Amino acid sequence: MKITQVEAIPFAIPYRKPLRFASGEVRTAEHVLVRVHTDDGVVGIAEAPPRPFTYGETQAGIVAVLEDIFAPQVVGLSLLERETVHARLARTVGNPAAKSALDMALWDALGRTLDVSVTELLGGYTDRMRVTHMLGFDEPAAMVAEASRIRETHGITSFKVKVGRRPASLDTAVVRALRETFGDSVDLYVDGNRGWTAAESARAMHEMADLGLLFAEELCPADDVLGRRWLVSQLDVPFIADESAVTPADVTREILGGSATAISIKTARTGFTQSQRTHHLAEGLGLEVVMGNQIDGQLGSLCTVAFGASFRLTSRRPGELSNFLDMADDLLAEPLTITDGEVTVRPGAGLGAELDPEKLELYRQDR
Ligand code: MUC
Ligand code: MG
């Protein structure tokens, strides 16, 4: 079970249509495939999506930190020494997506070695999750049409609406149109990616008070400390900390400081090892948890469902598992599918994912 090699392979797959939100937009999935090899001939895989506008990482930076710093720190360790891996990676600050992909590839390799799924290794609570689809910025009619298409094609009835534009009426009109079109047959919540001030957020939430929103996420920056506490204290829905609460320490600070009342867990930024810690903390604090999406491809989405299905708390709410639908293609030999609004954990060892070698050749950028 000794780690012998870590590969970091940059690849690029275009999006069918860009996903736009208050902190940025994504037109091409320029991700990094991580492969962890062991002396038993096992290979574990995961992907890292760089999000410079949220965490400062770039594709080239992820490859460099994996090759130059993290690979030498873990080669020679056993797959069972996951806490030692965690401690060594923690010597370097930041780099959440690079650390997480390495961590998840290691768990995949462990599952393959032991012939059990990652979900069974982590907690084994269920084998599936309901799905929330994320709607990026557009005109109200186009966003309603997209939601209808996603509902008809994949059976999804939960939508996260990107907000945070100015004037806020651009976004409140979308949420109102969605509610008027679908009535109570869909769940809706909003994510501002820090686009509004606390006062703008309060006004927009007031304007949408009759629309039955389930949550509000990261409407204004957590660094506007008092403004955000003021906002959260007056809302009658849970306020989800997403990019402001990456580590368990961030979660503790945001929750105890009154700047959030729920959290998003994203395996793309906390892997499986750190996501476990966040899950246990959230359970202890009695928080609502949503499994979020860092605009992952199919492999990243499989990681999210593998973790989310492991615990009762993380599988209770629909997870954001469908961003890959916007991509023109992917690397998996057997594509991930969403049926009747659900994604199931892949049966089989580890993450249960195999790559299509021809697609990897086509999309990799290092040759
Ligand atoms: C989200 O929930 O914010 C947008 C940026 C990012 O890192 O993730 C997405 C989705
Ligand atoms: Mg978010």
Of the conditions (1) within 13 Å of ligand 1 (Cβ to nearest atom); (2) touching a Leu at 6+ places or on another chain (Cβ under 9 Å); (3) not polar (S, T, N, Q), G292 satisfies every one except a single condition; which number is it? (2)
All-but-one check, A12 against (1) under 30 Å from K162 (Cβ atoms); (2) out of contact with any strand residue (DSSP E or B) (no Cβ under 9 Å at 6 or more places or on another chain), failing number (2)
Note on D236: of the conditions (1) surrounded by fewer than 18 Cβ atoms within 10 Å (Cβ to Cβ); (2) part of a helix (DSSP H, G or I), unmet is (2)
Residue check, F11 against (1) over 17 Å from L110 (Cα atoms); (2) open to solvent by 10 Å² or more (accessible area, probe 1.4 Å); (3) not charged (D, E, K, R), all met but one. Which one? (2)
Just checking, does region 54-65 include any residue being open to solvent by 30 Å² or more (accessible area, probe 1.4 Å), part of a strand (DSSP E or B) and in contact (Cβ under 8 Å) with a residue 24 or more places away in the chain? no
Flag for L219 being within 16 Å of ligand 1 (Cβ to nearest atom), more than 30 Å from T273 (Cα to Cα) and outside any helix (DSSP H, G or I): no
Flagged in region 90-106 as of a type in the set (A, V, I, L, M) and in a helix (DSSP H, G or I), in numbering order, are A97, A98, A101, L102, M104, A105, L106
Is there a residue being within 16 Å of ligand 2 (Cβ to nearest atom) and either at pLDDT 95 or above or basic (K, R) (or both) anywhere in region 73-95? no
Given the options D250, D326, name the one that is open to solvent by 30 Å² or more (accessible area, probe 1.4 Å), of a type outside the set (F, W, Y) and not assigned by TED's automatic domain parsing to the domain that holds A90. D250
Residues that are in contact (Cβ under 8 Å) with a residue 24 or more places away in the chain and either open to solvent by 40 Å² or more (accessible area, probe 1.4 Å) or closer than 15 Å to V74 by Cα (or both), drawn from region 26-44: E30, V34, R35, V36, H37, T38, D39, D40, V43, G44
Exactly one of T132, T113 is of a type in the set (S, T, Y) and either assigned by TED's automatic domain parsing to the domain that holds F21 or surrounded by fewer than 21 Cβ atoms within 10 Å (Cβ to Cβ) (or both), and that residue is T113
Of the residues that make up region 3-26, is at least one among the β-branched types (V, I, T) and within 16 Å of ligand 2 (Cβ to nearest atom)? yes
Looking only at residues that are of a type outside the set (D, E, K, R) and open to solvent by 10 Å² or more (accessible area, probe 1.4 Å) in region 271-293, which one is nearest to ligand 2 (Cβ to nearest atom)? L287
Considering each of I240, I255, I263 in turn, give the residue that is touching a helix residue (DSSP H, G or I) at 6+ places or on another chain (Cβ under 7 Å), free of Cβ contacts under 8 Å to residues at least 60 places away in the same chain and within 14 Å of ligand 2 (Cβ to nearest atom). I263
Which one is farthest from E254 (Cα to Cα) among residues in region 188-200 that are more than 14 Å from ligand 2 (Cβ to nearest atom) and touching a Lys or Arg at 6+ places or on another chain (Cβ under 9 Å)? L188
If you take the residues in region 157-176 that are surrounded by 17 or more Cβ atoms within 10 Å (Cβ to Cβ) and out of contact with any Lys or Arg (no Cβ under 8 Å at 6 or more places or on another chain), which one is farthest from A204 (Cα to Cα)? F159
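The values are calculated or read from the model by the stated rules, or taken from the named source; none is laboratory data. Every value quoted in this text rests on a predicted model; they were computed, and no experiment measured them. Here Cβ is always computed from backbone atoms with ideal geometry, including for glycine, and neighbour counts include all displayed protein chains. These area figures cover heavy atoms from the full protein model, side chains too; ligands, DNA and RNA do not enter into them. Shrake-Rupley method; radii C 1.70, N 1.55, O 1.52, S 1.80 Å.
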